[in-house]
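First the structure, in the form of structure tokens, and then the observations on it.
The values are calculated or read from the model by the stated rules, or taken from the named source; none is laboratory data. None of these values were measured; they are calculated from a predicted model. Every residue, glycine as well, gets a Cβ built from its backbone with ideal geometry; the counts of neighbours run over all protein chains shown. What goes into the accessible areas is simple: the full protein's heavy atoms, side chains included, and nothing from ligands, DNA or RNA. Shrake-Rupley method; radii C 1.70, N 1.55, O 1.52, S 1.80 Å.
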Amino acid sequence: MKLTYYPYTLELKQRFTISLHSRLTTPAVMVEIEQDGLTGYGEASLPPYLYENQQSVISFLNKVDLKQFERSENLYAILQYIDEIEEGNNAAKAAIDIALHDLAGKILGVPLYKFLNIPKRDGLYSSYTIGITEEESLKQKIKEALEFKILKVKLGTEDDRKIIKLIRSLTNKSFYVDVNQGWKDKYFALDMILFLQEQNVILVEQPLPMLNLEDTAWLAERSPLPIIADEAVQNLDDLEIIKNIYSGVNIKLMKAGGINKAYRMILKAKQLNLKVIIGCMTETSCAVTAASHLSSLADWIDLDGAELISNNLFSGMKIYDGKIIIPEGPGLGVKKLRI
Ligand code: MG
């Protein structure tokens, strides 16, 4: 098997602002694994808060020697080898994991969801993210989101109530709220959630700082809306820590370290009676499509990452009328659009 990779910078259609930071681009590293004339595609997307960057991913990938493996049917042996090269590096590992799954599906001629034995459910809705923004561009974003039935609204500012009131003056759609750890005080957070409950909000993601489990437990006990962990859960072990505190968890391939680990996290979360959002970073259709093959296992889907970038390198999962259409493979079912 031959591994190649190159850095790629995702250009965002609009400045993307959340409570922690603001950016116009997301660095990424694209991965390709070839065997018998077939190519598996993978991607590491590297938003700044995940502590990986293009250099760290490339330096990790430099250590990977796939020549020792004859055929990609040894998928789980290869994934274990990758995992043991070095701790962490989850996005780098996700890139290889996605490419290997794509290749394995292509070799067998089946779509990824079938390869994983996941039943397919049609008609699942994805949300569309509205970042923190000025009034005029907020109006623009709501217009752009026309075909989406559910929004995901980023909060965590002094003006949160104003933002919600403005959105409510423009649309009646239901939405998720993602605070990205932006509320610092539990009383303020509870006040906001009681207000949001009246605004057709479905759930609240990461309202308080990820390390503040005590206040999060206090808040979750009193909250009429489900409180979902995102930053607070990076891997399988974290699920045990948060299981009695949060109502659910946002699982993303880049955090988990790829399809295999994300799949295991979803099963574990369900076992622990946690709800599951399948989410993504700003990503090309390569990684977003990979995640879409897991989506029938989730309670809520937030896979709009490729909609937010202007230089998508792949076609793959589509969104029609707010519903996701998972390609029929083989593998991920993505096509590379440019060289
Ligand atoms: Mg989040």
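Remarks
Yes/no matrix, rows are residues, columns are (1) of a type in the set (Ser, Thr, Tyr); (2) within 21 Å of Lys114 (Cα to Cα):
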| position | (1), (2) |
| --- | --- |
| Ala262 | no, yes |
| Val276 | no, yes |
| Ala290 | no, yes |
| Ser296 | yes, yes |
| Asn312 | no, no |
| Pro327 | no, yes |
| Lys336 | no, no |
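- Verdict on Lys67 being at pLDDT 95 or above, charged (D, E, K, R) and more than 26 Å from Ser292 (Cβ to Cβ): no
- Residues in the range 71-88 that are in contact (Cβ under 8 Å) with a residue 60 or more places away in the chain and farther than 24 Å from Lys336 by Cβ were compared, and the one that is most open to solvent (accessible area, probe 1.4 Å) is Tyr76.
- Within the range 208-227, not a single residue is within 16 Å of the ligand (Cβ to nearest atom), assigned to a helix (DSSP H, G or I), open to solvent by 10 Å² or more (accessible area, probe 1.4 Å) and over 18 Å from Val177 (Cβ atoms).
- Residue among Leu170, Leu138, Leu155 that alone is within 16 Å of the ligand (Cβ to nearest atom) and outside the structural domain of Leu75 (by TED's automatic domain parsing): Leu155
- Counting only residues that are within 28 Å of Ile96 (Cβ to Cβ) and at pLDDT 95 or above, the range 232-247 holds 7 of them.
- Test for Ile301: is it out of contact with any Gly (no Cβ under 9 Å at 6 or more places or on another chain), crowded, with 21+ Cβ neighbours inside 10 Å and β-branched (Val, Ile, Thr): no
- Index of the failed condition, Ser137 passing every other in (1) at pLDDT 95 or above; (2) over 29 Å from Leu213 (Cα atoms): (1)
- Residue check, Asp191 in a helix (DSSP H, G or I), more than 16 Å from the ligand (Cβ to nearest atom) and at pLDDT 95 or above: yes
- The numbered conditions (1) over 25 Å from Asn312 (Cβ atoms); (2) away from the ligand (no atom under 16 Å from the Cβ); (3) crowded, with 16+ Cβ neighbours inside 10 Å are all true for Ser19 except (2).
- Annotation: Asn200 fulfils all but one of (1) on the phi > 0 side of the Ramachandran plot; (2) within 16 Å of the ligand (Cβ to nearest atom); the unmet one is (2).
- Inspection of the range 157-169 identifies no residue that is polar (S, T, N, Q) and either in contact with a His (Cβ under 6 Å, 6 or more places away or on another chain) or open to solvent by less than 30 Å² (accessible area, probe 1.4 Å) (or both).
- Scanning the range 256-273 for residues that are open to solvent by 10 Å² or more (accessible area, probe 1.4 Å) and on the phi < 0 side of the Ramachandran plot yields Asn260, Lys261, Tyr263, Arg264, Leu267, Lys268, Lys270, Gln271, Leu272.
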